[in-house]
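So the structure is just underneath, and the comments pick up after that.
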Amino acid sequence: MWCRRLAGLFKVPCRLSGSTRHRSPWLLRGRRTVLAPAARWHHTAPESLKCAWQLHGDHLELRYANTLMRFDFVWLRDHCRSASCYNAKTNQRSLDTASVDLGIKPKAVRVDETTLFLTWPDGHVTRYGLEWLVKNSYEGQKQQVMHPRILWNAEIYRQAQVPSVDCRSFLETDEGLKEFLQNFLLYGIAFVENVTPTKEDTEILAERISLIRETIYGRMWYFTSDFSRGDTAYTKLALDRHTDTTYFQEPCGIQVFHCLKHEGTGGRTLLVDGFYAAEQVLRQAPDQFELLSKVPLKHEYVENVGDCHNHMIGVGPVLNVYPWNNELYLIRYNNYDRAVINTVPYDVVHRWYAAHRTLTTELRRPENELWVKLKPGKALFIDNWRVLHGREAFTGYRQLCGCYLTRDDVLNTARLLGLQA
């Protein structure tokens, strides 16, 4: 499935003519091989079948670690990590890609137990570690996930007993910050406890992991039921599950909520793992999953309240996947803000409605709903690209503060702490 590492690597039988005992001496490890016109498998050593390769007219085929990989010759020249082609200090390419001959072919190839060596017509030698090639090949990437996750419904999340992180540990120690980010990356939500219930302290909390993204709602915002903005969220009404800012070309990555005060009843926060629901669609109706990942829609925010005048439009499919491994990375779901469907031809739109209904049914299953009562001192971070949130109706005075964070900065913080993000 798109949410897990794909099982089963390519296994290709060795296509050597005759017994391996009769191979020529030039196939032995460490010897340079001048290219022959006929494609055939070569091995690193007679006693080892761990690595084999053969040349074709425009690419090199390499089998290593049970993975069959194909590398275009231009790609192999472009990604050279020699000192003249790549600056290891800045981790930037020095080679001018546009200067590489599109018809380039290596003059000689040699492979030992760990490294591929390519000699080019001008005498330049490129070296690649075989493990590096597996990791960075198209075939290798298809078998990996970009972002490891644990998909959940309400029971799975409760059984996991994911701990909140204390505010002081979060702010003052790498261990506390890393624990928080690991929880956030795996589940798409994370909590910090014992936060002083002020907007200023919430801002300090948010800045620990990211730059705050300023939007049409400001940088840090107060959130009450005064209808000060042209949005249903600024009322006491219940809100169905949704993701925020679907009307941005790039929806905000992370949302922070901190309830500063509530004098009344109701107002629980609803959380639903959109990726868990999408996986159920993928299992039950893969054709509908594909449709939801390919049909572009407009979402729109039109506001004319007081001094606030905005007209935002964002375009994209409901489900956004990486094309090489079909891994879902963003869900854009908001029935309030979906604009007129005028980007879908008539012979597709009915099938889209059926697919949308299937996804909505999964998102609305009671067993998928995690209800949380936000209280002063407990801040909630939500992955807005994954987890949908909503709210039950409430009475009395309820004040929240919060902000949006830049996704890139959160993931950057996680990577610097050694996490896969």
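The values are calculated or read from the model by the stated rules, or taken from the named source; none is laboratory data. Keep in mind the model is a prediction, meaning the values are calculated, not measured. Note: ideal-geometry Cβ built from the backbone for every residue, glycine included; neighbour counts use all protein chains shown. Only protein heavy atoms, including side chains, enter the accessible area calculation; ligands, DNA and RNA are left aside. Shrake-Rupley method; radii C 1.70, N 1.55, O 1.52, S 1.80 Å.
Things to note:
- Close pairs (6 angstrom Cβ cut-off, 6 or more residues apart or separate chains): aliphatic (A, V, I, L, M) in the stretch 247-264, assigned to a strand (DSSP E or B) and open to solvent by 10 Å² or more (accessible area, probe 1.4 Å) anywhere: LEU260/GLN399
- Cβ pairs under 6 Å, 6+ apart, first in the stretch 154-175 and of a type outside the set (Phe, Trp, Tyr) and open to solvent by 40 Å² or more (accessible area, probe 1.4 Å), second modelled with pLDDT of 95 or more and in a loop (DSSP other than H, G, I, E, B): ASP166/ASN194; LEU171/ARG208
- Test: residue in the stretch 265-278 that is out of contact with any strand residue (DSSP E or B) (no Cβ under 7 Å at 6 or more places or on another chain) and either assigned by the TED database to the domain that holds ASN334 or open to solvent by less than 40 Å² (accessible area, probe 1.4 Å) (or both): yes
- Residues of the stretch 100-122 that are assigned to a loop (DSSP other than H, G, I, E, B) and either among the basic types (Lys, Arg) or open to solvent by 40 Å² or more (accessible area, probe 1.4 Å) (or both): ASP101, LEU102, GLY103, LYS105, LYS107, GLU113, THR114, PRO121, ASP122.
- Criterion applied to VAL192, VAL145 was being among the aliphatic types (A, V, I, L, M), open to solvent by less than 30 Å² (accessible area, probe 1.4 Å) and closer than 25 Å to LYS375 by Cβ, and the one residue passing it is VAL192.
- Residue satisfying all of: in the stretch 309-351; of a type in the set (A, V, I, L, M) and in a loop (DSSP other than H, G, I, E, B); most open to solvent (accessible area, probe 1.4 Å) among these: VAL340
- Residues that are assigned to a helix (DSSP H, G or I) and among the hydrophobic types (A, V, I, L, M, F, W, C) within the stretch 256-298 comprise PHE275, ALA277, ALA278, VAL281, LEU282, PHE289, LEU291, LEU292, listed in sequence order.
- Consider the stretch 380-400 and keep the residues that are closer than 23 Å to ILE204 by Cα and modelled with pLDDT under 95. The one that is nearest to the chain's Cα centre (by Cα) is LEU400.
- Residue in the stretch 176-191 that is in the same structural domain as ALA379 (by the TED database), touching a residue at least 24 places away in the same chain (Cβ under 8 Å), under 27 Å from GLY418 (Cβ atoms) and among the β-branched types (Val, Ile, Thr) present: yes
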